[in-house]
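One structure is given here, and the rest of the page talks about it.
The values are calculated or read from the model by the stated rules, or taken from the named source; none is laboratory data. As the structure is a prediction and not an experimental result, all values here were calculated from the model. Virtual Cβ from ideal backbone geometry, glycine too; neighbours counted across all protein chains shown. Each accessible area value is taken on the protein alone, full model and side chains, heavy atoms only, with ligands, DNA and RNA left out. Shrake-Rupley method; radii C 1.70, N 1.55, O 1.52, S 1.80 Å.
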Amino acid sequence: MHRFFIDYSADGRQELVITGDDVAHISRVLRLNAGDEITVCDAECTDCICTIESITKSEVVVSVQSREPNPNEPPISVFVYQGVPKGDKLDTVVQKCVELGAVKIVPVAMKRSVAVIKDADKKQQRMQKIALEAAKQCGRARVPEVGCVMSFADAIKEAKSFCDLCLLPYEGEKVCSIKTVLAKKKTAKSICIFIGPEGGFDLAEVEAATELGFEIVSMGPRILRTETAPLAALTAVMYEMGDW
């Protein structure tokens, strides 16, 4: 069933109104009509099974048939800070991280980043749309946020200020595995994962993160591509501490 999001509570409401880009998507792309059923997820993570009552150019009005809490959000909050990659790799990272349960993805300009995001606002809007479509596809209760590009220095300070556990997978780390760290931090409720760009982390970046208390970890003997590493790390976190 097609899924849509509203930014207000559906509690006590028998009718809901969908506006914005979803109106054209419902009417012109999906070609839905009055009488068709859709799922609407509200601001309180409640899934409402609804019947379309009317469609105009500016809004879709639906009636609520049933409602239940959405069970698909993980019990931990995972933030992915991705070194800016080349080409359309960031599209893949955002889409797959949303599917795996991340709550936010932030592009980070690092010393070895080859690519430069020129129009940051436009890029952020595009990535946010990708996150929205991925959240619809995988049944999320919330649409994860895609942040604007940050410097590495600002990113590590931001992450350290609110995350219980900060991880930086690094090919130079040969002793401390991500599995070992996660096994010791079972009470963590918020975790950030920093991923380097194609050229990896500069040693100065690793040292700066270490000084702030980041856990520098290994993800095995093989060097992963920049678009593979966040998915592998996020999978490990969800397996050890999430809802798998």
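So here's what we get for this one:
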| quantity | calculated |
| --- | --- |
| Checking Ala43 against (1) outside any loop (DSSP other than H, G, I, E, B); (2) under 25 Å from Met238 (Cα atoms), the condition it does not meet | (1) |
| Conditions (1) assigned to a strand (DSSP E or B); (2) open to solvent by 10 Å² or more (accessible area, probe 1.4 Å); number of the one not met by Cys166 | (2) |
| Matching residues, the range 58-104, being charged (D, E, K, R) and more than 21 Å from Phe152 (Cβ to Cβ) | Glu59, Arg67, Glu68, Glu73, Asp88, Asp91, Lys96, Glu99 |
| Options Val80, Val103, Val94; residue that is out of contact with any helix residue (DSSP H, G or I) (no Cβ under 8 Å at 6 or more places or on another chain) and either at positive phi or at pLDDT 95 or above (or both) | Val103 |
| Restricting the range 170-210 to residues that are among the hydroxyl-bearing types (Ser, Thr, Tyr) and closer than 16 Å to Ala155 by Cβ, the residue that is most open to solvent (accessible area, probe 1.4 Å) | Thr210 |
| The range 151-163, residues that are crowded, with 18+ Cβ neighbours inside 10 Å, of a type outside the set (Val, Ile, Thr) and either more than 18 Å from the chain's Cα centre (by Cα) or outside any loop (DSSP other than H, G, I, E, B) (or both) | Phe152, Ala155, Ala159 |
| Answer from Asp7, Asp42 - the residue that is open to solvent by less than 50 Å² (accessible area, probe 1.4 Å), among the acidic types (Asp, Glu) and at negative phi | Asp42 |
| Among (1) assigned to a loop (DSSP other than H, G, I, E, B); (2) open to solvent by 60 Å² or more (accessible area, probe 1.4 Å); (3) modelled with pLDDT under 95 - the single one Arg225 does not satisfy | (3) |
| Thr51, sole failed condition from (1) at positive phi; (2) open to solvent by less than 70 Å² (accessible area, probe 1.4 Å); (3) free of Cβ contacts under 8 Å to residues at least 24 places away in the same chain | (1) |
| Of the criteria (1) at negative phi; (2) over 27 Å from the mean Cα position of the chain (by Cα), which one Ile26 fails | (2) |
| Verdict on Glu205 being part of a helix (DSSP H, G or I) and within 19 Å of Ala109 (Cα to Cα) | yes |
| Per-region count, the range 127-150, residues of a type in the set (Lys, Arg) and either open to solvent by 50 Å² or more (accessible area, probe 1.4 Å) or modelled with pLDDT under 95 (or both) | 2 |
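This table checks each residue for (1) closer than 30 Å to Val206 by Cα; (2) open to solvent by 70 Å² or more (accessible area, probe 1.4 Å).
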| residue | (1), (2) |
| --- | --- |
| Gln14 | no, yes |
| Thr19 | no, yes |
| His25 | no, no |
| Gly35 | no, no |
| Val60 | no, no |
| Asp91 | yes, no |
| Glu99 | yes, yes |
| Val103 | yes, no |
